[in-house]
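Any read-out appearing in this document is the output of simple, stated calculations on the displayed coordinates, not a laboratory observation. Quick caveat, the model's predicted, so the values are computed rather than measured. Counting neighbours? That spans all protein chains shown, and the Cβs are built from the backbone with ideal geometry, glycine included.
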């Protein structure tokens, strides 16, 4: 006898035409089955026995095949639309989410990598350079090989003959004017190529700062030290011919000769075992150095052209926008502004030594003439420090103090009383200037100011401000830097959330595939539930937009949000807790909300799922196994490091893989009867993770980057200065320049005898 | 008296919309109410009702929601959307005009 079909079979047959849409099929099958059960129950209430009731319900249902055809016709449009939505989600939304997450992650990584590679000065070992992406900070420059080819092709041609030659030329300015000795030759070549330019003297001056007699160009083929020296001296004399009024070339030669010809006691290590004496090492160089020093003192000015070089180099850089851009500009500035200090200090220390040596030799007139160079030299230095970095002004102050004090002593020994008095008076004024600066540096407000800085300044300002010295800044002046710091931390947190969302997305996709594979024989294919737009919006709004908005508003509320405090303050713990909580909510809440919807739908569709207890036990067993495996690896790593043995590590890793494999196998076997539920859950949860990634990547990330750029532009303490392409000062930040100009103004007034 | 299938078929959509305008109902409930109100004259089958319900759902006139009865049994309830409510009113007005016209021919008045 043929067995009567059950309600389930009957409903399945009627809904069979909808199998292409698993969700719709299950829903309608469940609906029809419920209908049949209701009908049978009605027959039972009408007095039929159970068997009769069921039979009558089936009989009145009619032909399932006719019904199936009708249902397919009725649902055709809907099925097509839902099919397109699924395809769109699988083929567009998920790949888009993955691409965006990778874009954001890679974009940030490439920014850092390019920045680091930009400052690699080791030309023999050029770093691998990753291409940067639009929208993320530093623009990329031509590869080194391209630059070198293009730069060579411009030699002897007009640098603006073609667009590519122009770009290469601009890049060459950036690259070849980079201040270090290895680049001296390149800088000279650059001058050679551009010697007809009206400002070619800038390039030669810059070359002079970085050249010395030991460069390969002077050493190569030289038969003697004299020949090498002659080449070097001829080179510097060329500079003197280019700009005869500039003392730079004579100072450079004086420094070279005196470094070769003598040693002053100021140069000796301050140790009781080392005799604190001056000594002539090479009479000829000593005499030539003195002569060169006196020639320099007669020149009307000293111009190092660092400001001009810096402007040229900064102008070929893209306009700074994000932190890395500004840091690059800071590094470029440092490389231009700092290097010549050692030469000036070295020369300054030798001037009193020269005078003392000449005095000891009884050449009193020569000694006085050498000592007379102290003031023009110092004045030239101070004048060249105008609108320069604070550190250059500080070096000038140190040199002026040292030379004025030495001059007073030596003039005293020479019996030049007027000069001694004048030098002593200058020294006294300089001491006042210096003491004033030092006093301001200790902050008149004392510890209270330091506490204020600790609480309200960003970390970078706390590092920089002690250098700036006499700057007492207000909380509001510190605000842009502080907000920039907060934004950077928030960006990092968003990137962390994006990374975790990406891992969750990939995890759910992998689980979905696993369950598809597992359930293929059971014909219970896990499917992607299509949550209504309302559910997705709710999950995103409540789970991401709302926590983010609440955090944004709350954190920016004056007096409550704590943004008047920096990360170095005691508020740091609170900031970390806030960010962790918001990040956790953004990760957990959307998933929780959508999971609730999926659970509900699974119940509606008759998909059986484990009890909470079963699920919890199974989850903990798997997590426990994975934790144990990781712990095992960690212990093995420690052991391997201590014993210098890698075999335990290898063994532990293999064992850990085995444990994890066994745990997953266990989970799969244990959960097999609910495979349809787990698979559907995994595939459907991918929806919320994908949308969350897209949403965060397209809203929070650009918004934070925009904020970063805005705060950087407003920051006058740490950055800000470089955003102005028309700057006429060669410092680092407006606040630093303020300090430098004030100190340099006082210094100049003393040196010009106005004080 | 069994009615002509086409005549019955043309009124299903109207009656479903009108009933759902009263409150949300599940499929079996709709069939029961129709049978009750027509005193068994309209003996709707599953194949009559469900394709119409699904078509209306596909057009956005209805939304569904699974709700548990007091017994705990879950049923799929259909509810009119705002668009569906407007459509129901149109259909009722159309029927009123149509039946009035038919009555006018048959009985000399639109009653």
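Classify segment A:540-685 as rounded, prolate or oblate from the Cα gyration tensor: take a ≥ b ≥ c as the square roots of its eigenvalues, call it rounded if a/c is under 1.5, otherwise prolate when a/b beats b/c and oblate if not. It would help to have the intermediate numbers written out before the result.
Values: a/c = 3.99, a/b = 1.16, b/c = 3.44.
Taking the square roots of the gyration eigenvalues as a ≥ b ≥ c, segment A:540-685 is oblate.
Could you check the simple spin-label distance between residue A:265 and residue A:277, using points 7 Å along Cα→Cβ, in nm with one decimal?
1.1 nm
In which sequence would A:502, A:586 go, from the one with the fewest C-beta neighbours within 10 Å to the one with the most? Don't jump to the answer; show the numbers that get you there.
Values: A:502 21, A:586 26.
Final ranking by Cβ density, sparse to dense: A:502, A:586.
In deg cm²/dmol and to the nearest 500, what is the mean residue ellipticity at 222 nm of chain B if only DSSP H runs of at least 4 residues count, each as -39500 (n - 2.57), divided by the residue total?
Details: 4 runs with 68 residues, N = 111.
Dividing the helical sum by the residues of chain B leaves -20500 deg cm²/dmol.
Label 7 Å along Cα→Cβ of residue A:42; segment B:1-44 residues with amide nitrogen under 14 Å?
B:26-44
In percent, what relative contact order does chain A have, based on Cα pairs under 8 Å that are 6 or more apart in sequence? If you can, show how the numbers build up before the last one.
Numbers: 931 pairs, mean separation 114.6, N = 755.
This gives 15 percent for chain A.
Based on DSSP H runs of at least 4 residues, each adding -39500 (n - 2.57), what is the mean residue ellipticity at 222 nm of chain A after dividing by all its residues, to the nearest 500 deg cm²/dmol? Display every interim value, and only then the final one.
On the way: 31 runs with 536 residues, N = 755.
That comes out to -24000 deg cm²/dmol.
I want to check the label-to-label distance for residue A:612 and residue A:449. Put each point 7 Å from Cα in the C-beta direction and report it in nm to one decimal.
Placing both labels 7 Å along Cα→Cβ, they lie 6.1 nm apart.
With the contact rule set at Cα under 8 Å and sequence spacing of 6 or more, what percent relative contact order holds for segment A:1-74?
About 40 percent, as a whole number.
I'd like the FRET efficiency for residue A:541 and residue A:573, computed as 1/(1 + (r/R0)^6) with the beta carbon distance as r and R0 of 30 Å, rounded to 0.05. Numbers along the way, then the final one.
On the way: r = 30 Å, r/R0 = 1.00.
That pair, residue A:541 with residue A:573, gives E of 0.50.
Apply the a/c threshold of 1.5 to the C-alpha gyration tensor of the protein assembly as shown and tell me whether it is rounded, prolate or oblate.
On the way: a/c = 3.32, a/b = 3.06, b/c = 1.09.
Here the protein assembly as shown falls in the prolate category.
Where does helix A:417-441 land angle-wise versus the long Cα axis of chain A, in degrees 0 to 90, nearest 10?
The angle comes out near 10 degrees.
So if we plug the beta-carbon distance of residue A:550 and residue A:595 into 1/(1 + (r/R0)^6) with R0 = 25 Å, what FRET efficiency do we get, rounded to 0.05? All intermediate terms of the calculation are to be shown ahead of the outcome.
On the way: r = 22 Å, r/R0 = 0.89.
Once the sixth-power term is evaluated, E becomes 0.65.
Would segment A:528-620 count as rounded, prolate or oblate if I go by the C-alpha gyration tensor, calling it rounded below 1.5 in a/c and otherwise prolate when a/b exceeds b/c, oblate otherwise?
On the way: a/c = 5.37, a/b = 2.10, b/c = 2.55.
Oblate.
Can you give the extra length, in nm with one decimal, that the chain gains between residue A:670 and residue A:192 once fully stretched, where that is 0.36 nm per residue apart less the Cα-Cα distance?
164.2 nm
Between residue A:517 and residue A:284, with labels modelled 7 Å along Cα→Cβ, what's the label distance in nm to one decimal, could you check?
Label at residue A:517, label at residue A:284, 8.3 nm between them.
If I stretch the segment between residue A:699 and residue A:506 completely, what's the gain in nm (0.36 nm per residue apart, minus their alpha carbon distance), one decimal? Display every interim value, and only then the final one.
Numbers: separation 193, 0.36 × 193 = 69.48 nm, distance 2.17 nm.
Between residue A:699 and residue A:506, full extension yields an extra 67.3 nm.
Consider a paramagnetic label point 7 Å from the Cα of residue A:655 along Cα→Cβ; state which residues of segment A:605-634 have an amide N under 15 Å from it.
Answer for segment A:605-634: A:625-634.
Which parts of segment A:191-214 would a label at residue A:230 reach, counting a residue when its backbone N lies under 20 Å from a point 7 Å out along Cα-to-Cβ?
Flagged as within label range: A:212-214.
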